[in-house]
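K.L.:
The structure follows.
The values are calculated or read from the model by the stated rules, or taken from the named source; none is laboratory data. Fair warning: this is a prediction, and the values are worked out from it, not measured in the lab. Ideal geometry is used to build each Cβ from the backbone, glycine not excepted, and the neighbour counts take in all protein chains shown.
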Amino acid sequence: MRKFKYLHSKRIEKKLLKKRIDLLNPEARKRFKSNQLFSRFFAVLYWSMMIVFLGAMIFIERYIEPAIGKTLFIILVIFCTFFLPGVILLFPYIKLAKKYPRQRLEDIPREVITECNTPLFKFYKIPENFIITKCYDSSNQNLISKDLLIYIYKDRLSIVNDFTTTNKDFGCYEFELSETEIKYGKKGDLTTTELSANKLTLSLGKRAKPFISNKGGTDDV
């Protein structure tokens, strides 16, 4: 088994965000961009104040620390550097936030997600012949209750996230077919495909077993 991951997911996230913004009407798009600028302004202001206060504390250290002791001075530095800027900015932020309300983004259509995820399809070499199945249980907690995309590439079984509905990328698990063990199992009233390879176990949908056993086919085995 080997696991590898696409390194430029941030580019896809930015592209999807732009697509979601483009789906808004002009008024909503203006509200969204105004809120973004408002939030960034206060973030920059907070970090600027934090740097200024830290510089001030460093400057007055020789005058204050001997009087109150090192421990109290460290506490004072932490408060003045991290908490005081937030306290100062909290009231104006709350007052001004009413003028720059948050704008909810529309749900992006599935076909747009698939289009934006084209680099992921190419990088992971996902063919047209794949299936999407629910992961009911796994030794990897991050995969539980996720929709997984399963395909065969060069006689190897590959498992990635479902890039037709999300751009969240946990990477690709790739197995030699000879190192995998698959069988039917049960989860309540559901028939599942129990897959194990090395230390990874997956409880998948029923149709995963014939697909894997037939190297991308669908007939039951």
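K.L.:
Scan the stretch 181-200 residue by residue and report those that are assigned to a strand (DSSP E or B) and of a type in the set (D, E, K, R). Show your work before the answer.
P.N.:
Narrowing the stretch 181-200 to residues assigned to a strand (DSSP E or B): 181-187, 190-197, 200.
Listed by number, the residues that qualify are GLU181, LYS183, LYS186, LYS187, GLU194.
K.L.:
Also, I was wondering about something else. Where residues in the stretch 1-19 are loosely packed, with under 15 Cβ neighbours inside 10 Å and basic (Lys, Arg), which of them is farthest from the chain's Cα centre (by Cα)?
P.N.:
ARG2
K.L.:
Oh, and also: Is it the case, given these coordinates, that GLY205 is touching a residue at least 12 places away in the same chain (Cβ under 8 Å), of a type outside the set (Lys, Arg), in contact with a Pro (Cβ under 9 Å, 6 or more places away or on another chain) and under 23 Å from LYS3 (Cβ atoms)? Write out each step before concluding.
P.N.:
Values: touching a residue at least 12 places away in the same chain (Cβ under 8 Å): yes; of a type outside the set (Lys, Arg): yes; in contact with a Pro (Cβ under 9 Å, 6 or more places away or on another chain): no; under 23 Å from LYS3 (Cβ atoms): yes.
Criteria not met by GLY205.
K.L.:
Can you tell me how many residues in the stretch 1-16 are in a helix (DSSP H, G or I) and either touching a residue at least 12 places away in the same chain (Cβ under 8 Å) or in contact with a Gly (Cβ under 8 Å, 6 or more places away or on another chain) (or both)? So that I can check it myself, show each step before the final result.
P.N.:
If we filter the stretch 1-16 for residues that are in a helix (DSSP H, G or I), which is where we start, we get 9-16.
Now drop any that are not either touching a residue at least 12 places away in the same chain (Cβ under 8 Å) or in contact with a Gly (Cβ under 8 Å, 6 or more places away or on another chain) (or both), which leaves 9, 11-13, 15-16.
Total satisfying the criteria: 6.
K.L.:
Also: Restricting to the stretch 163-180, and then to whatever is surrounded by 15 or more Cβ atoms within 10 Å (Cβ to Cβ) and part of a strand (DSSP E or B), can you tell me which residue is nearest to the chain's Cα centre (by Cα)?
P.N.:
CYS172
K.L.:
Right, another one. Considering only the stretch 124-164, state which residues are closer than 13 Å to LEU195 by Cβ and of a type in the set (Asp, Glu).
P.N.:
Within the stretch 124-164, ASP137 is the sole residue that qualifies.
K.L.:
All but one of (1) under 15 Å from MET1 (Cα atoms); (2) buried (at least 17 other Cβ atoms within 10 Å of the Cβ) hold for LEU143, so report the exception by its number.
P.N.:
(1)
K.L.:
What number of residues in the stretch 134-151 are in contact (Cβ under 8 Å) with a residue 60 or more places away in the chain, under 18 Å from GLY171 (Cβ atoms) and of a type outside the set (Phe, Trp, Tyr)?
P.N.:
So the first thing to find is which residues in the stretch 134-151 are in contact (Cβ under 8 Å) with a residue 60 or more places away in the chain, and the list is 134-140, 150-151.
Subset that is under 18 Å from GLY171 (Cβ atoms): 135, 138-140, 150-151.
If we keep only those that are of a type outside the set (Phe, Trp, Tyr) as well, we get 135, 138-140, 150.
Number satisfying all stated conditions: 5.
K.L.:
Something else: Kindly check whether there is at least one residue in the stretch 52-66 that is in contact with an Asp or Glu (Cβ under 8 Å, 6 or more places away or on another chain) and either surrounded by 14 or more Cβ atoms within 10 Å (Cβ to Cβ) or outside the structural domain of PHE175 (by TED's automatic domain parsing) (or both). Break it down into steps so the answer makes sense when it comes.
P.N.:
Our first condition is that a residue be in contact with an Asp or Glu (Cβ under 8 Å, 6 or more places away or on another chain); within the stretch 52-66, this holds for none.
The answer is no, given that none of the residues of the stretch 52-66 is in contact with an Asp or Glu (Cβ under 8 Å, 6 or more places away or on another chain) and either surrounded by 14 or more Cβ atoms within 10 Å (Cβ to Cβ) or outside the structural domain of PHE175 (by TED's automatic domain parsing) (or both).
K.L.:
Residues in the stretch 133-147 that are among the hydrophobic types (A, V, I, L, M, F, W, C) and touching a strand residue (DSSP E or B) at 6+ places or on another chain (Cβ under 6 Å): how many? Break it down stepwise before answering.
P.N.:
At the first step, the residues of the stretch 133-147 found to be among the hydrophobic types (A, V, I, L, M, F, W, C) are 135, 143-144.
Narrowing further to those that are touching a strand residue (DSSP E or B) at 6+ places or on another chain (Cβ under 6 Å): 135, 144.
Of the residues in the stretch 133-147, 2 are among the hydrophobic types (A, V, I, L, M, F, W, C) and touching a strand residue (DSSP E or B) at 6+ places or on another chain (Cβ under 6 Å).
K.L.:
From GLY69, GLY86, which residue is farther than 26 Å from LYS18 by Cβ and in contact (Cβ under 8 Å) with a residue 40 or more places away in the chain? Steps first, answer last, please.
P.N.:
Details: GLY69 fails: in contact (Cβ under 8 Å) with a residue 40 or more places away in the chain.
Answer to the check: GLY86.
K.L.:
Looking at the stretch 31-51, which of its residues are loosely packed, with under 15 Cβ neighbours inside 10 Å and either among the aliphatic types (A, V, I, L, M) or touching an Asp or Glu at 6+ places or on another chain (Cβ under 6 Å) (or both)?
P.N.:
Across the stretch 31-51, the qualifying residues are LEU37, ALA43, VAL44, ILE51.
K.L.:
Now for a separate question. Which members of the stretch 187-201 meet the condition of being surrounded by fewer than 19 Cβ atoms within 10 Å (Cβ to Cβ) and either within 27 Å of GLU111 (Cα to Cα) or at pLDDT 90 or above (or both)? Talk me through it step by step, then tell me what you get.
P.N.:
Here is the first cut: in the stretch 187-201, the ones surrounded by fewer than 19 Cβ atoms within 10 Å (Cβ to Cβ) are 187-191, 196, 198-201.
Residues satisfying the conditions are THR191, SER196, THR201.
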